[in-house]
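Below: one structure, written as structure tokens.
The values are calculated or read from the model by the stated rules, or taken from the named source; none is laboratory data. On a predicted model such as this, the values are computed, not experimentally measured, just so you know. For neighbour counting, all protein chains shown are included, and Cβ atoms are generated from backbone atoms with ideal geometry for every residue, glycine included. To get the accessible areas, we keep the full protein, side chains included, count just its heavy atoms, and leave off ligands, DNA and RNA. Shrake-Rupley method; radii C 1.70, N 1.55, O 1.52, S 1.80 Å.
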Amino acid sequence: MANAAAPTPKANMGAPAPRVDARLKVTGQARYPSDTPVGNPAFAVLVTSTIATGRIERLDLDGARAVPGVLDILTYENTGELKGVKFGQGSSTSIEDLGPEIQQAGQIIAVVVADTFEAATDAASRVKPTYSEQTPSATFGSPGVTQEDATKVSPQHKHLPQAGDAEAAFAGAPVVIDLEYETPPQHHNPMELFTTTCAWTADHLTVYEPSQFVYGLKNGVAQRLGIDPDKVRVVSSYAGGAFGSKGTMTPRTAMIALAAKRLNRPVKLVATRAQGFTIATYRAETRHHIRLGAARDGKLVGYSHEGFEVSSRPDPYVVAGVEDSAQLYAFGAVATKVNVVHADRNTPGYMRSPPVVPYIYALESAMDEMAQKLGMDPIAFRRVNDTMNSPIGNRPYSSRSLMTCYDQAAAAFGWKDRNPQPGAMRDGDWLVGYGCATAVYPTHTGPAAARVRLKPNGEARVQIAAHEIGNGAYTVIGQMAAERLGIDLASVTVEIGDSRLPPAPVAGGSNTTASSCSAVKKTCNLIRARLFHAAVTANDGPLAGRSADDLMLQDGKVVANDGAGESFADIFRRMGVAVVEDYAEFVPDGLKPQAIADLYAGKVDMVGGSHGDKVMYAMGAELVEVRVHVLTREIRVPRIVGAFAAGRLMNTRTVHSQLMGGMIWGISSALHEATEIDPRYARYVNDNLADYMIPVNADVDQVQVILVSEVDHDVNPAGVKGLGELANVGTAAAITNAVHHATGIRVRKLPIRLEKLLQA
Amino acid sequence: MRPFIYERVSDWAAATQAAGGGASAPVSYLAGGTTLVDLMRLDVMRPQRVIDINALQDGRYGRIELGQNGLRLGALVRMADAAAHPDVRHHYPVIGQSLQLAASAQLRNMASLGGNVLQRTRCTYFRDVSYAACNKRNPGSGCAALAGVNRMHAVLGGSDHCIATYPGDFGQALIALDATVDLISPDGARTIPFAKLHRQPGDTPDQETMLRPGELIVSFTVPAGPWTRRSLYLKVRDRQSYEFALASAAVALDLEDGAVREARIALGGVATVPWRAADAEAALRGKTIDEQTAMAAADAAFAGAQGHGHNDFKIELGKRTLRRALRQAAALEI
Ligand SMILES: Cc1cc2nc3c(=O)[nH]c(=O)nc-3n(C[C@H](O)[C@H](O)[C@H](O)COP(=O)(O)OP(=O)(O)OC[C@H]3O[C@@H](n4cnc5c(N)ncnc54)[C@H](O)[C@@H]3O)c2cc1C
Ligand code: SF4
């Protein structure tokens, strides 16, 4: 049998090269930032607030200072030199101070530094704050929350999609649904905790911290410390999971840098799992009000979607996924609105597929409800409303293979066996349900720069400050260079995750492969051109006088299609060089040249998705079977089939793994994950991995990934649509829809816990 | 974690001496450490001395013995070993299953049976010392769970002072089968019914057991009975493994021509202590098990149940769990 984890490439797919760092990772040799040895480190432990709103009136440090080995304690009283870097300008939050104002539960109020981790931990538990406390507003519906129109306050979302007259469309539509959905807060909980290690050499700072954006962190930390960014280096060779949580600077980094400076000694912080819930970001809870109008034949005539998203008091973070949901089908008229609801919470932030996870869950649930109301098969209903043009401005899709995905997934799944009647399928004591939903993710491409060096023996080194967060960046970047330079992947050394390398964008928005590979491709093309030029302009070489257009690189040689060739070594000798090295900057169409300079300064702009003359999306179809126990109502997912199309797939193995992992996270979103809030204190109650539930192996049975060939020349030079954030979109809707099919019960608030199915 | 003194002992006399009533500072025994070390790291348990008793497992503390009159399980037997033991699985399936369905493989390899029955509640307000109100951790401070997030909390055996669930599984099997606990301390040895080991919270939720200071659990004895083979443990939870029960039932039946001669029933995930459902047993005596009698037994079992908001569903879920367990046990081929 073929190896399911390494699918045979179809058209426009790259080889399933094993991850170059796989062995390092499973043998513990991959060096994560906190593993980096620094000389004689001191250890920092954070103290966080137990109240969400109020003021520190007194901070009793006597007990903590008395613990042997304690070196220093940072508080609001001695950290005034840290500058503010507000939300949206490089920081994940505006709540950056150690007090005395408290604006969220779990705000850092002290950093205790000691000779040992144990002493710092012991001392941290002896820091005694006295607060004057106010009653916090925790979430939707809590007294004291305030609501604003997101377009008035969000820097990114000044306009939201609108088309035609939705109200008129609903008034004239024979079939209308009007429904509300809700998603819970979720925390990323990467296995690797939030760590920061800072070491100063004279006035140069090195930060070892797992990061999805080393240039952003470098510039952000420099701003907070008020120093020249060139004096800051950020190293993050690997991140042990990130999912967005390590994309923007959090307040801790500058605090640890300051602690190291005060002591003139490296300082290392590994925050606890519980602290990770409040010192970084999370996916906030959302609410959705959706209306759909359709003709009897299933053609949609109108879609309206109003979203409500919780954010912190000071910051207007919203994901505004209507930007994407509004493009998805031939809706006819579209009306969208997003509201930000300010509560006394930490500022939310990017979490895998930020806009689409909540909004597509809501839309794809509503699509199922509409299909049911129309008496149509849910896949047939989507086919009727499939389109090659966005309803917003009638702009064409650069490519779109949604229904091909549905067809292939449906065939593999056996969808035709579905009895449309809810509750009709049963196996012993288990009710059986089939459900489906669409996965969709905007294609983003950003600017990037790369340096590539080729040696005469056919070895190459690629340098680009991209990020390995489990996405396979080392591997696919190496593959792109190997392909362009005509050498083996094993001959390519890839250096990433270091702000001394040429910059790449944040590893977010699934742009890494598209952006980094485009930059690497461009740089390799410069090297190719130099080699070709040297080969054809030589007086005596075997390729002298030929056209460079007829040449290619293969097995360490420049070759022509008739088999004539010359080795790199010979060409280099004649060129009189030891190595050939080039540097190139890639700026995607639609961005100003300034974009690269901005990137060096830690700012990223990207193109793609719903913006531009063509709309650019990766898509997929997910079909699931659920089983619900007739009596005790446990919910099982014995199988899930997803088919996905995302332009060129660089490596079918890493792609398969991303998509499979995504669907598993989708199962988690549907059935398991939710951060529980105690509204009395605006605190997260299940802030540990025992109580914050994710599926275990036993919950994940058959997961089948189908890769669908797709060619897209418009998205970017690499032809790649990012898919790291594709497969966890829609899964929760597919499962909710299947649970409805099994039981007749429609759950409109995630996660689906068994108590929601106990009625009747 | 706070500094503490670690001692390793090789016989019970030294152990109980070290931990005895006269000890001046808080002392804890250490078996597998999966409860103790966890709670020490969370600063919830703060022993100043920790007495490692694992060396005792070479003797009777570490043995599983099956005799005519019943089963004897040493307190230092690992959960995994008891769960996999052929005699346990064949003659006392409810015991094997309650252990097999608990925790994770790694934890079961570490954790002892003695430690298991003494595991502490998973109430988050108890486990996080930054919450001021928790009568169990800090007597007289109040109970944050009563009006807080209490989905996992108990609907049986609670009080106005504490509604923390007893989280274990094995305890239900023991109480259903009328097990006894063998104890030893410098004051001597004694044997008590397992049903007397745990105390309902009442107004002293900080006092969880009847153990005397320094008293050591030696073993558990499970009497033989005609019901032990027709027994099972059904655990309903939010995921299929590595998760505590939302509701569980330990059921053992002695049937004669399909009618119940004796039933032994205990409930987990829903009560503050291992919970014997005597009223449900009585309701079944002499009856055949069908949908109606199972429902009547379940209603009897939860007659006094009290929800607190998020956990209201546990009353219905607990009943359904028991109904399902009874039907399954009655249908067992033995
Ligand atoms: C993530 C997680 C999930 C879990 N899931 C489950 C589950 O699903 N079901 C379940 O039943 N359990 C579960 N557990 C609990 C686990 O089973 C217990 O932690 C374990 O059984 C305790 O045994 P131990 O030997 O490690 O005890 P220890 O931690 O060593 O001791 C626990 C307590 O008992 C005392 N003690 C130990 N032995 C003796 C003795 N012989 N005499 C007197 N006092 C003694 C100790 O002083 C301590 O106070 C889970 C635990 C964790 C961490
Ligand atoms: S239920 Fe018990 S353990 Fe939990 S907070 Fe209340 S008193 Fe404490």
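Taking each residue in A:120-133, count the Cβ atoms of any other chain within 10 Å of its Cβ, then average. What number comes out? That average works out to 1. For A:Lys10, list the lysines whose Cα falls under 18 Å from its own Cα; do not include residues on the same chain fewer than 8 positions away. Here the lysines satisfying the reach criterion relative to A:Lys10 are A:Lys721.
With the simple model of a label 7 Å out from the Cα in the direction of the Cβ, A:Ala412 to A:Arg500 spans 4.4 nm.
Compute the FRET efficiency between A:Ala569 and A:Val711 as 1/(1 + (r/R0)^6), taking r as their Cβ-Cβ distance and R0 = 25 Å, and round to the nearest 0.05.
0.10
The simple spin-label model puts a point 7 Å past each Cα toward its Cβ; for B:Asn138 and A:Val579 those points are separated by 6.0 nm.
Residue separation of A:Arg58 and A:His533 scaled by 0.36 nm, minus their Cα-Cα distance, works out to 163.7 nm of gained length.
With protein chains left intact and a 1.4 Å probe, residues in segment A:446-606 average 39 Å² of accessible area per residue.
Coordinate range of the alpha-carbon atoms in segment A:135-231 per principal axis, descending: 73, 33, 30 Å.
Interface size, chains A and B: roughly 2900 Å² of accessible area buried, both sides included, 1.4 Å probe, rounded to the nearest 100. Taking the average, over residues, of other Cβ atoms within 10 Å as the packing measure, peptides A:603-609, A:514-520, A:351-357 rank A:514-520, A:351-357, A:603-609 from highest down.
Ignoring lysines fewer than eight residues from A:Lys749 along the same chain, the ones with Cα atoms less than 22 angstrom from its Cα are A:Lys337, A:Lys373, B:Lys314. Residue separation of B:Arg89 and B:His310 scaled by 0.36 nm, minus their Cα-Cα distance, works out to 76.0 nm of gained length.
Compare the peptides A:695-705, B:98-108 by average per-residue count of other Cβ atoms within 10 angstrom and give them in order, highest first.
Working: A:695-705: 16.5, B:98-108: 20.5.
Order by mean packing, descending: B:98-108, A:695-705.
Of all the accessible heavy-atom surface of the protein assembly as shown, with the other protein chains kept in place and a 1.4 Å probe, what percent is carbon and sulfur? Taking all protein chains in place, the protein assembly as shown shows 50 percent carbon and sulfur surface. Once all Cα-Cα distances of segment B:231-331 are split into 10 Å bins that start at 0, what whole-number percent is in each one? For segment B:231-331, the binned pair fractions read 17, 52, 25, 5, 0 percent. Shielding of peptide B:321-332 by partners, expressed as the average count of other chain Cβ atoms within 10 Å per residue Cβ, is 1.
Considering chain A at the alpha-carbon level, its Rg and Dmax are found to be 27.0, 89 Å.
If R0 is 56 Å, the Cβ-Cβ spacing of A:Met388 and A:Arg31 corresponds to a FRET efficiency of close to 0.75. Counting only DSSP H runs of at least 4 residues, each contributing -39500 (n - 2.57), and dividing by the residue count of chain A, the helix-based mean residue ellipticity at 222 nm comes to -7000 deg cm²/dmol. Peptides A:377-385, B:175-183, A:721-729, A:197-205 ranked from most to least packed give A:721-729, B:175-183, A:377-385, A:197-205, packing being the mean of other C-beta atoms within 10 angstrom over each peptide's residues. Solvent-accessible surface of chain B, averaged per residue with a 1.4 angstrom probe and all protein chains in place: 40 square angstrom. In this simple spin-label approximation, B:Ala331 and A:Ala380 carry label points 7 Å from Cα along the Cα→Cβ vector, and these lie 3.6 nm apart.
Beta bridges assigned by DSSP with both partners in the protein assembly as shown are antiparallel in approximately 75 percent of cases. Cross-link candidates for B:Lys136: which aspartates and glutamates have Cα within less than 16 Å, leaving aside residues fewer than 8 places away along the same chain? Filter leaves B:Asp43, B:Asp128, B:Asp160, B:Asp203, B:Asp206, B:Glu208. In this structure, A:Asn264 and A:Glu133 have a Cβ-Cβ separation that, at R0 = 35 Å, corresponds to a calculated FRET efficiency of about 0.40. For the residues of A:49-56, the average number of beta carbons from a partner chain within 10 Å of their own beta carbon is 1. Comparing the full protein assembly with the isolated chain (1.4 Å probe, heavy atoms, ligands and nucleic acids excluded), the residues of segment B:149-176 losing at least 40 square angstrom of accessible area are B:Val149, B:Arg151.
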